[in-house]
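Below is one structure, written out as structure tokens; comments come after it.
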Amino acid sequence: MMRQIIHTLALTAMLAVPVIAADDKPAAPAPGDVKTFMLKTQDIKDTPITVPKSDAVTVIVYVMVGQQRSHEALANVQRILAERPKVQAMAVVSGTNATIDARRLGELAAWNRPVLADPDYKISDAGKARAWPTTLIVGSDGKWVAHIGGLTTTYIKDVNAYLDFASGAIDEPTLKKRLASHDVVAATPQHITDRHLAVAQRLIAQGLYTQALDELKRAQEIQPDDPRVKLAIGRIMVMTGKPADALQTLDQIKADNIAAWQIHAVRGRALAAMGEWDKARTELVESVKQNPAPAECYYDLGRAYQHDGKFEKATEAFRAAYESRRATEAPTATPPQP
């Protein structure tokens, strides 16, 4: 059971990529279609977070750490809120490595407000975040005021308009007039590839490896040399009992396009599956040296030591796998049902 959990975590972590929705235009909820959002959790600094906040509007920005568009959205919100001190704001980082990535966000983006780690996607699902960045504005009563997918060319203007509407400064006809000039940044081949990768991520989390492989092949048709796609295909080939094919796929990846430890990790698993334990151990040892979340590699390294009859080292590796997994877990945030 632990092996399956670790392998699934590693697959979903590696595939944590942004989705770009080029047609998600912001609009006020239609009558009869009003959604609500409620959340009680803690940020990465253990500060209590409650949404809605009875005396303030809340802005939630779902982001992908390392993605320029996400960082731009955060910088824009930061500038907007400099003149709106009463607005509550937070960033949400989702994915298996959410805890690690959330702590890196402040170093990479202009953001000094709360950051929430969402490793199980519960917060992103509650906010219907299907694109990164996604901006959700929630009124003091918990009702959705706006849902903006992607980074619009009129992002600052749109967010300001919604905040004015939420605070009562303008009425709905005025809001619609201010939103009339709206556009989004067009999707590129990179964005479309990211979309296929994100779909594959969800399928992998459900154990649907064949369907995930189909998505990855679609991504490969668009960008044949994308190292993330090839690495993901290699991983799934190992998981589905095709380690030799996995090694052939890994050989096609240019080492300077992706972190070396990721290649070492998959190569090590493939070699172990083929019974090449000495070679597998060498690859796995290299991987754990730089791997920020080495639970999977420690587990497979334990298997290699166990095969060699080095049970003390195997125990140490299994313990390291368990401790590494615990270190990357975040407190579960469960949004209450409306």
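The values are calculated or read from the model by the stated rules, or taken from the named source; none is laboratory data. Please read all numbers here as calculations on a predicted model, not as lab measurements. With ideal geometry, Cβ positions are generated from the backbone for all residues, glycine too; neighbour counts draw on all protein chains shown.
Closer than 25 Å to G149 by Cβ, small (G, A, S) and crowded, with 16+ Cβ neighbours inside 10 Å: is that true of A212 in this structure? Lay out the reasoning, then the answer.
Details: closer than 25 Å to G149 by Cβ: yes; small (G, A, S): yes; crowded, with 16+ Cβ neighbours inside 10 Å: yes.
Here the answer is yes, as A212 does meet what is asked.
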Candidates I170, I100, I137 - the one that is out of contact with any strand residue (DSSP E or B) (no Cβ under 9 Å at 6 or more places or on another chain) and aliphatic (A, V, I, L, M): I170
Hey, A89 in contact with a Lys or Arg (Cβ under 6 Å, 6 or more places away or on another chain) and in contact (Cβ under 8 Å) with a residue 24 or more places away in the chain or not: yes
Hits in the stretch 252-265 (condition: of a type in the set (A, V, I, L, M, F, W, C), within 23 Å of the chain's Cα centre (by Cα) and part of a helix (DSSP H, G or I)): A260, W261, I263, A265
The stretch 35-63, subset closer than 16 Å to V145 by Cα and either outside any strand (DSSP E or B) or among the acidic types (D, E) (or both), residue modelled with the lowest pLDDT: K35
Total residues in the stretch 266-290, condition more than 19 Å from K313 (Cα to Cα) and within 25 Å of the chain's Cα centre (by Cα): 3
Subset of the stretch 38-68 (residues that are more than 16 Å from I123 (Cα to Cα), surrounded by fewer than 19 Cβ atoms within 10 Å (Cβ to Cβ) and either small (G, A, S) or in contact with a Pro (Cβ under 9 Å, 6 or more places away or on another chain) (or both)): K45, D46, T47, S54, G66
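Residue under question is R84, and the condition is that it be modelled with pLDDT under 90, of a type in the set (D, E, K, R) and outside the structural domain of A205 (by TED's automatic domain parsing); does it hold?
On the way: modelled with pLDDT under 90: no; of a type in the set (D, E, K, R): yes; outside the structural domain of A205 (by TED's automatic domain parsing): yes.
It is false that R84 is modelled with pLDDT under 90, of a type in the set (D, E, K, R) and outside the structural domain of A205 (by TED's automatic domain parsing).
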Conditions (1) of a type in the set (A, V, I, L, M, F, W, C); (2) modelled with pLDDT under 90; (3) crowded, with 23+ Cβ neighbours inside 10 Å: number failed by I5: (3)
Qualifying residue in the stretch 178-188 (condition: modelled with pLDDT of 85 or more and farther than 25 Å from G95 by Cα): yes
Selected residue (only one of G106, G150 is farther than 17 Å from A205 by Cβ, at pLDDT below 95, surrounded by 24 or more Cβ atoms within 10 Å (Cβ to Cβ) and not aromatic (F, W, Y)): G150
Some residue of the stretch 217-224 being crowded, with 22+ Cβ neighbours inside 10 Å and under 20 Å from the mean Cα position of the chain (by Cα): yes
Residues within the stretch 268-293 that are touching a residue at least 60 places away in the same chain (Cβ under 8 Å) and either hydrophobic (A, V, I, L, M, F, W, C) or in a helix (DSSP H, G or I) (or both), tallied: 1
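Among residues belonging to the stretch 215-251 that are in a loop (DSSP other than H, G, I, E, B) and at pLDDT 90 or above, point out the one that is nearest to A205 (Cα to Cα). Before the answer, list the steps.
First, the residues of the stretch 215-251 that are in a loop (DSSP other than H, G, I, E, B): 223-226, 240-242, 251.
Pick out the ones that are also at pLDDT 90 or above and you get 240-242, 251.
Details: T240: 15, G241: 18, K242: 20, D251: 26 Å.
Once the filter is applied, the top-ranked residue is T240.
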Filter result for T134 (modelled with pLDDT of 85 or more, buried (at least 24 other Cβ atoms within 10 Å of the Cβ), touching a helix residue (DSSP H, G or I) at 6+ places or on another chain (Cβ under 9 Å) and of a type in the set (S, T, Y)): yes
